[in-house]
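Encoded as structure tokens, the structure appears first; notes follow it.
Where a number appears in this text, it was derived from the coordinates with a stated rule and is not lab data. Treat the numbers as computed from the prediction; the structure is a model and nothing was measured. Neighbour counts are summed over all protein chains in view; Cβ atoms, including those assigned to glycine, are modelled from backbone coordinates with ideal geometry.
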Amino acid sequence: MITREQVDSYRENGFVVVEDVIDAALLARLRDTVRDVMEGARGLTTHSDVFDLEPGHLPEQPRVRRIKKPHLVRSVFREVLDAPVLKDVLRHLLGPDVRLHGSKLNLKSAGFGSPVEWHQDWAFYPHTNDDILAIGVMLDDVVMENGPMLVLPGTHRGPTYDHHADGRFCGAMDLSATGLDVSKAVACTGRAGSASFHHVRLVHGSAQNTSTRERQLLLYECAAADAWPLVNFTNLEDFDSRMLFGKPTIEPRVVPVPVRMPLPPALNQGSIYENQTAVANRFFKVSAAT
Ligand SMILES: O=C(O)CCC(=O)C(=O)O
């Protein structure tokens with residue numbers, strides 16, 4: 001299902017896009033469910049446990065940036081993780097024992113969907129080893145115009161960059177301070193039903209969606225079972241309940257990977273979008289909401 005070349009490319013570049021990880025019927029159910037869940041944002045005056053709101057949100061005209069932890073909101077979002085292609089890819093990239101770390105659905109709506117500044121997921125959730133990746137299931141066709149995720153190939157083998165501003169974690173890098181060449185960025189595009197798989201240390205970000213096309217990206221963070229978090233460990237029952245397949249372990253595999261703690265915590269909590277509001281030097285432009 002995933003080819004040897006694709007696995008090698010993931011190891012070399014830190015990402016791979018695989019087509020048709022979910023079938024048309026599941027894709028249609030996911031889209032319907034998103035529409036239904038979004039009704040819950042009507043009337044909200046501030047972010048909630050489920051919804052992260054766009055700056056231009058109004059209670060009577062909801063604008064949502066993110067549905068938080070969708071796998072806990074509706075069971076169809078949990079079903080995606082049983083898709084055979086997706087499981088096959090996870091087995092090849094992370095091994096026989098895999099745990100779900102978290103999930104989120106970035107809406108990036110047509111016309112105003114917010115950008116995500118350059119960052120490494122690793123800066124948010126360092127673990128004892130880095131056999132961790134994020135799956136981005138495309139619920140819409142993702143093209144250059146509607147704010148695809150942009151990745152800098154090979155950066156998963158480099159340093160962990162500074163994600164702090166004014167002495168606090170802010171969840172974003174100042175690319176100009178890193179020497180990284182943005183012209184080398186690759187866009188993770190693909191037709192709806194495809195998915196990107198990106199390494200936890202890969203530098204990535206995405207622009208505002210100023211196009212007329214939606215770009216919904218359903219993200220699942222997955223870890224090898226022996227990767228234990230260095231921050232925000234809750235309890236063993238919750239930890240083990242998130243096993244997707246294989247066996248849990250109480251013996252973390254510890255490898256010498258570069259770590260920076262996301263501490264002191266970000267000034268603005270709730271989501272990466274909120275964390276990143278503390279960044280002075282934004283890379284991606286934000287135009288007034290249409
Ligand atoms: O939605 C995107 O384009 C970027 C997603 C991402 O990097 C994140 O939410 O951490």
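Quick notes
- Under the criterion of Cα pairs below 8 Å and six or more residues apart, the relative contact order for the chain equals 28 percent.
- Multiplying the residue separation of ILE250 and ASP88 by 0.36 nm and removing their Cα-Cα distance gives an extension gain of 55.9 nm.
- Positive-end residue of SER114, MET173, PHE51, charge dipole of the chain with Cβ unit charges: SER114
- Among the GluC sites (Glu not before Pro) found in the stretch 1-109, those both in a DSSP coil and sparsely packed, with 12 or fewer other Cβ atoms within 10 Å of their Cβ, are GLU19, GLU60.
- Estimated from helical segments only, the mean residue ellipticity of the chain at 222 nm is -5000 deg cm²/dmol, where each DSSP H run of four or more residues counts as -39500 (n - 2.57).
- In this simple spin-label model, placing a label point 7 Å from the Cα along the Cα-to-Cβ direction at both GLU79 and ASP181 gives a separation of 4.6 nm.
- Shape annotation for the stretch 212-257: C-alpha extents along the principal axes are 49, 27, 21 Å, from largest to smallest.
- Neighbour counts of C-beta atoms inside 10 Å place PHE245, PHE15, PHE284 in the sequence PHE245, PHE284, PHE15, starting with the fewest.
- Binned Cα-Cα distance frequencies in the chain - 10 Å width, integer %: 6, 29, 39, 23, 3, 0
- Given their separation in residues at 0.36 nm each and the Cα-Cα distance between them, MET261 and ASP20 gain 83.1 nm when the chain is fully extended.
- Set LYS87/LYS247; LYS69/LYS108; LYS68/LYS285 screened for pairs whose C-alpha atoms are more than 22 Å apart: LYS68/LYS285
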